[in-house]
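S.K.: A single structure is presented below for examination.
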4 protein chains.
Amino acid sequence: MSKAAARSHTFTWQDPLTAAAAGLGLSGLEYLRKMAKGDLPMPPISVLMNVTAAEVEEGHAVFTAQPLECHYNPIGLVHGGFAATLLDSVMACAIHSRLPQGQAYTTLDLNTHYVRAITLETGPVRAEGKVVHLGARMSTAEGRIIDAQGRLYAHGTTTCMVFPGGQSHG
Amino acid sequence: MSKAAARSHTFTWQDPLTAAAAGLGLSGLEYLRKMAKGDLPMPPISVLMNVTAAEVEEGHAVFTAQPLECHYNPIGLVHGGFAATLLDSVMACAIHSRLPQGQAYTTLDLNTHYVRAITLETGPVRAEGKVVHLGARMSTAEGRIIDAQGRLYAHGTTTCMVFPGGQSHG
Amino acid sequence: MSKAAARSHTFTWQDPLTAAAAGLGLSGLEYLRKMAKGDLPMPPISVLMNVTAAEVEEGHAVFTAQPLECHYNPIGLVHGGFAATLLDSVMACAIHSRLPQGQAYTTLDLNTHYVRAITLETGPVRAEGKVVHLGARMSTAEGRIIDAQGRLYAHGTTTCMVFPGGQSHG
Amino acid sequence: MSKAAARSHTFTWQDPLTAAAAGLGLSGLEYLRKMAKGDLPMPPISVLMNVTAAEVEEGHAVFTAQPLECHYNPIGLVHGGFAATLLDSVMACAIHSRLPQGQAYTTLDLNTHYVRAITLETGPVRAEGKVVHLGARMSTAEGRIIDAQGRLYAHGTTTCMVFPGGQSHG
């Protein structure tokens, strides 16, 4: 293991619990828009995934992210967790954007289909999520990841449980 | 957004392509065992997920990881991508451990069920993956994430395509 | 389309709503055991899937089913819906078997992996389901389908929502 | 178990292997269109699911089906296998419709999200499938089930392996 090959990256983020607490007094859309505009900090996981921009509309969320070498897996490609994390983020945000103040959600399941490998050469990717079904106790969403040329890399679906805020799930 | 809340973490890793190239001349099990022992570097994504130990047997892989604040999502919990990334890792490694030299794989789909939220209080988690079906062209695996008390946090399944090494998928 | 090739099958079942109503006054395990013993009728979908035997323990359900020509798809094999239906049945029953009287469930998602084609030559298959996580508001289960030699044909997972009986979901 | 509650249904279908053999000499689209027009018989599983009409375009398939009492589960609703079977059918047909003569496919995984219960009162449902990604060795599709008013009941995704016709998978 050659010393010459070592490299490093420093990620900087804000306290996620402070932002989450601020979110309790807002509707999902208000909270996510403050985040997208930079009035509230992006969560640290988005910093780790190198998310560079976010847009949130009612029922719809888009994140732009730039893959880094530190996202690589042991077979020389960006790890599937990068796409799964982005899809989970935009699909959950799409659902969150439809919840009024006082409603919370938790992800129950996340299904990801991988159709093309992501590498550093892929360049920035666009993760898009949108609500498919909004219910009183559960909601579903779908998402996809494309590059600047519109080529598809991954797509997926999720089910979230919706409940009065503050409760834990399970 | 208070300056006082800012924090940072520096991750250090080795060139993932050098390790991947070394893997081409080894069986999956040989490659992964060298990684687990530290003779080859862990991939950077494992560094980002704070994987602290790995064990690989034929058809079976276990990673221990310690959640960090930088894995948090916007609602005050460890992001679902943390568990999805760990499950993808151990399930893919379980399949990889059964492949002879010259065979490669790519993940086609990853299904994750979340049953309990992970937080910093959870402490280190153990992600376990094992092969369910090993076929000539496709394989499946299952995985789960538990804490030191054996409590379940997430579980999932995957399908990987298996093919002669060097080819891309799709 | 030759007349000579036509064939038919007559399925006979009992009113499913009468059995379902009887189930409201029983725990899940009591209800399913009455069904397995023949004291209450099997649901019609099980008749269509040619389920010939059922065993239910707490958290565990097994159905034996014999594939028929009428389960075939347009490419000359038993349709994937046969395995999906059996897996959904045994996984949901495994969860149902853990619910006290007054608790109901509904399936939120069903993930099936197909690893080997089922044909008439496969003979009777055994579908096994067991609970993975039992929660107050959601539960998960896993299942698999094997033949008399123990060869695997399909496996899967499910998430069910659990709620006070009588309510609808969504 | 009252005798008075017994009811039955006779399903009639054509030899599925004769149709499948005819399909080997046709492109996927030609084969499925002959089936939709009635020049080749619908597969028996479609008869069991009470599919009353099918339309197939390149990369797109729609089946109309009428739920029957014999599709009911033990909790008084149409079984989840009904929707899973229809989704698998239309998604696989959507992929099949893009395959040239000599190419075959097999379903690797099927993910179904249930968002609303189907009952006899639902009336006829429309299952729609469309290709998401068409690759040389694997393809993905998505599907949904709606009623005559456009209300959503279930949606899902699938991955199919694509290979030269005549080979088995796994």
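The values are calculated or read from the model by the stated rules, or taken from the named source; none is laboratory data. This one's a predicted model, so the numbers in the text were calculated from it and none came from an experiment. Heads up, the Cβs are rebuilt from the backbone with ideal geometry, glycines too, and the neighbour counts pull from every protein chain shown. The area values use the complete protein model at the heavy-atom level, side chains included, leaving out ligands, DNA and RNA. Shrake-Rupley method; radii C 1.70, N 1.55, O 1.52, S 1.80 Å.
S.K.: Compute the separation of the alpha-carbon centres of the range A:85-158 and the range C:88-128 and state it in Å as a whole number.
M.R.: 28 Å
S.K.: Kindly provide the helix-only [θ] at 222 nm of chain B, computed as the sum of -39,500 (n - 2.57) over DSSP H runs of four or more divided by all residues, to the nearest 500 deg cm²/dmol?
M.R.: Taking each H run of at least 4 residues, the total per residue is -7000 deg cm²/dmol.
S.K.: Same structure, new question: Any chance you could tell me what percent of the C-alpha pair distances in the range A:12-82 go past 14 Å?
M.R.: Here the long-distance tail beyond 14 Å is 63 percent of all Cα pairs in the range A:12-82.
S.K.: A further question follows. Projected onto the charge dipole of chain A (+1 at Lys/Arg Cβ, -1 at Asp/Glu Cβ, origin at the Cα centre), which of A:A19, A:T158, A:A104 gives the Cα projection farthest towards the positive end?
M.R.: Value computed over the given set: A:T158.
S.K.: Can you give the accessible area per residue of chain B, in Å², using a 1.4 Å probe?
M.R.: 36 Å²
S.K.: Take the Cα atoms of chain A, build their convex hull, and give its volume per residue in Å³.
M.R.: 128 Å³
S.K.: Also, quick follow-up: Roughly how much of A:F63 is accessible, in Å² to the nearest 10, using a 1.4 Å probe?
M.R.: The accessible area comes out at roughly 10 Å².
S.K.: Can you pull the percent of the range B:16-164's accessible area that's carbon plus sulfur, 1.4 Å probe, other chains left in place?
M.R.: 52 percent
S.K.: Under a 10 Å cutoff between Cα atoms, tell me which one of C:T52, C:T159, C:T12 has the largest fluctuation in the Gaussian network model of chain C.
M.R.: Taking springs between Cα atoms under 10 Å, the residue moving most is C:T12.
S.K.: Say R0 is 56 Å: what FRET efficiency, to the nearest 0.05, do C:T64 and A:L17 get from their beta-carbon distance?
M.R.: 0.60
S.K.: Ok, one more. Counting only protein heavy atoms and rolling a 1.4 Å probe, how much accessible area do D and C lose on contact, total for both sides, in Å² to 100?
M.R.: 4700 Å²
S.K.: Right, something else. Over 50 Å, how big is the tail of the calculated P(r) for the protein assembly as shown, in percent of all Cα pairs?
M.R.: 10 percent
S.K.: On to the next question. Report the equivalent ellipsoid semi-axes for the range D:77-124 in whole Å, largest first, defined as the square roots of five times the eigenvalues of the gyration tensor built from alpha carbon atoms.
M.R.: In descending order, the three semi-axes are 28, 11, 7 Å.
S.K.: I would also like to ask the following. Distance check, please: which entries in C:K130/D:K130; A:K37/D:K130; A:K130/D:K37; A:K34/A:K130; A:K34/D:K130 exceed 25 angstrom between their Cα atoms?
M.R.: Among C:K130/D:K130; A:K37/D:K130; A:K130/D:K37; A:K34/A:K130; A:K34/D:K130, the Cα-Cα distance tops 25 Å for C:K130/D:K130; A:K37/D:K130; A:K130/D:K37; A:K34/D:K130.
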